[in-house]
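Okay, structure first, notes after.
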Amino acid sequence: MKTIIEPFRIKTVEPIRLTTFEERQALLQAAHYNTFLLKSDDVIIDLLTDSGTSAMSAMQWSVLMRGDESYAGSPSYQRFKSAVNELMPFKHILPTHQGRAAESILFSLIGGEGKVIPSNTHFDTTRSNVEASGAEAHDLVIDEGMDPALEHPFKGNMDIAKLDAFLRANKGHVPCVMTTITNNAGGGQPVSMDNIRRTGELAHKYGVPFFIDSCRFAENAYFIKLREPGFSKTTVSDIVRMMFSHADGMTMSAKKDAFANIGGWLALNDDALAEKARSRLIQIEGFPTYGGLAGRDLEAIAQGLSEIVDEDYLAYRLRTCEYVVEQLVALGVPVVLPAGGHAVFVDARAWLPHIPPLEYPGQAVVAGLYEYGGIRSCEIGTVMFGRKTDGTEEAAAMDLVRLAMPRRVYTQSHADCVVEVFAELNKVKETLTGFRIIEEPLSLRHFTSKFQRIASV
Ligand code: F0G
């Protein structure tokens, strides 16, 4: 069979409200051209994020009833912990309400003034939590990872030589090394097993612990199976266990590769650090056997972890983005190559060269996709990263637009529709104009900033 079908059938549906071009123009204007400020009912295909938007399976819905809501010692926690340990053999597993809470706990304990934390690329919440502690976040992805059009099997890899120099130059100031799998901010690109191993070994050589930001660990593992020599016959579960065997801990958002609508965890091997983390968890999230979650959420995560490593699912999952990318390439729309795991990333700077980075070409694409097709996407560029902590502004390294695919939610006809909207937009792209920001918060401005369209000349 040539077509890689969705390996599930639909039992429950949510209707989508269809809107007209004129309606969407008015709705977007009322949302100050920030698609985060739209009502989701006004969106036809919502590709804002793959986080918390998964369709749960019949089995996940059924185990929700088994959720035990005891304050302490719930069997749901035991099932959650066993499911995590089946794949990630860490000693201490602390459930949190989502990934950023795990980051906040970790960096509040190991971050602080004068500390520097390297990663392949920190995601925005990770960076923000590092910086909130007073520490600095540094991105050391390989150069290939910064070139959207360049094909490379593992564009999420850490630059090992740069990391070595960094660790040497900052001895005594690096509380941990991190790697994000897959590299979300860099295009959903995977990190190879070899790179994970070498990053861990290098960190350990300098006496520094190695943590994995693991949101999309199963997608990363499947990329390793497909692309890294020596892994084609290894099961994804074994690849996952091998990836984490190199690390001392992990932060996790269960809203991604655990098929849950909420949840996360912090995992650690260090007993003393875990002790401190548990105290902090109790302060801000909850008792260590539920953290920030209900017992039923822990059950959904446990079940989700057993489903996410299914290789038929992962084949379909990676094919979804690849399918859209192939067709965008055929249309001549510049995209990050090769296709990432959870999202298609359009190179807005290359597609709309008439809009300078400080007029946010990514935001112009985001607005266009909504007006022309009711598609919600997300700018990952100068709007998200362009504002420096001192309040000045400069162009981000890339101006990308992310179309993130919720797990098990949309079908191939939705993907075809996305491509058709791009074809429409491609015909009128010279008419798209840039934006200026008229109101912005002090940090994480992409969520709430208000924009004004710059009139075309
Ligand atoms: N790390 C990465 C790589 C992420 O992609 C995210 C979330 C987080 C950490 C934080 O997890 O949302 O559970 O608190 N990314 C979402 C996204 C929001 O749309 O990419 P969280």
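Any read-out appearing in this document is the output of simple, stated calculations on the displayed coordinates, not a laboratory observation. Everything numeric here is computed off the predicted structure, so don't read it as measured data. Cβ coordinates were reconstructed from backbone atoms using ideal geometry, including for glycine residues, and neighbour counts include every protein chain displayed.
Averaging 1/r over each pair of different alpha-carbon atoms in the stretch 58-308 and inverting the result gives 18.1 Å, the Kirkwood hydrodynamic radius. For a distance above 15 Å, tell me the whole-number percent of Cα pairs in the stretch 260-357 that qualify. More than 15 Å apart: 74 percent of the Cα pairs in the stretch 260-357. Per-residue Karplus couplings for the stretch 133-140, computed as 6.51 cos²θ - 1.76 cosθ + 1.60 with θ equal to phi - 60°, are listed in order as 7, x, 8, 9, 9, 10, 9, 10 Hz, Gly and Pro entered as x. You can think of it this way: the chain between Asp310 and Lys233 has 26.3 nm of extra reach, that is 0.36 nm per residue less the Cα-Cα gap. Taking amide H positions as modeled 1.01 Å from N, with prolines and chain starts lacking one, the residues under 5 Å from His138 and 5 or more places away or on another chain are Ile117, Ser119.
Once the C-beta distance of Gln412 and Ser443 is scaled by a Förster radius of 25 Å, the resulting FRET efficiency is 0.05 to the nearest 0.05. Can you tell me the orientation of helix 217-227 relative to the chain, as the angle in degrees between its alpha-carbon axis and the longest Cα principal axis, to the nearest 10? Value to nearest ten degrees: 80. If you fit an axis through the alpha-carbon atoms of helix 160-169 and take the longest principal axis of the Cα set of the chain, what angle between them do you get, 0 to 90°, nearest 10? Once rounded, one gets 60 degrees. Note on Ser82/Arg197: beta-carbon distance plugged into 1/(1 + (r/R0)^6) with R0 of 22 Å gives a FRET efficiency of 0.25.
In this structure, the residue pairs whose Cα-Cα separation is over 22 Å, taken from Lys81/Lys255; Lys233/Lys256; Lys155/Lys225; Lys155/Lys427; Lys91/Lys276, are Lys233/Lys256; Lys155/Lys427. Residues whose amide H comes within less than 5 Å of that of Asp213, counting only those at least five positions distant or on another chain, are Thr179, Thr180, Ile181, Thr251 (H built at 1.01 Å from N in the peptide plane).
Ranked by the mean number of other Cβ atoms within 10 Å per residue, highest first, peptides 149-158, 390-399 order as 149-158, 390-399.
With a Förster radius of 60 Å applied to the C-beta separation of Gln29 and Met1, the computed FRET efficiency comes to 0.85. Here the stretch 58-308 carries DSSP beta bridges of which approximately 50% are antiparallel, counting only pairs with both residues inside. With the convex hull drawn around the C-alpha atoms of the chain, the volume per residue stands at 142 Å³. Less than 25 Å apart at the alpha-carbon level, and either on another chain or at least 8 residues along: which lysines does that give for Lys162? Within the straight-line cut-off, Lys162 pairs with Lys115, Lys171, Lys205, Lys388. The Cα-based radius of gyration of the stretch 30-166, divided by its Kirkwood radius, gives an Rg/Rh of 1.04. Note on the chain: antiparallel DSSP beta bridges, both residues inside, total approximately 65 percent of the bridges counted.
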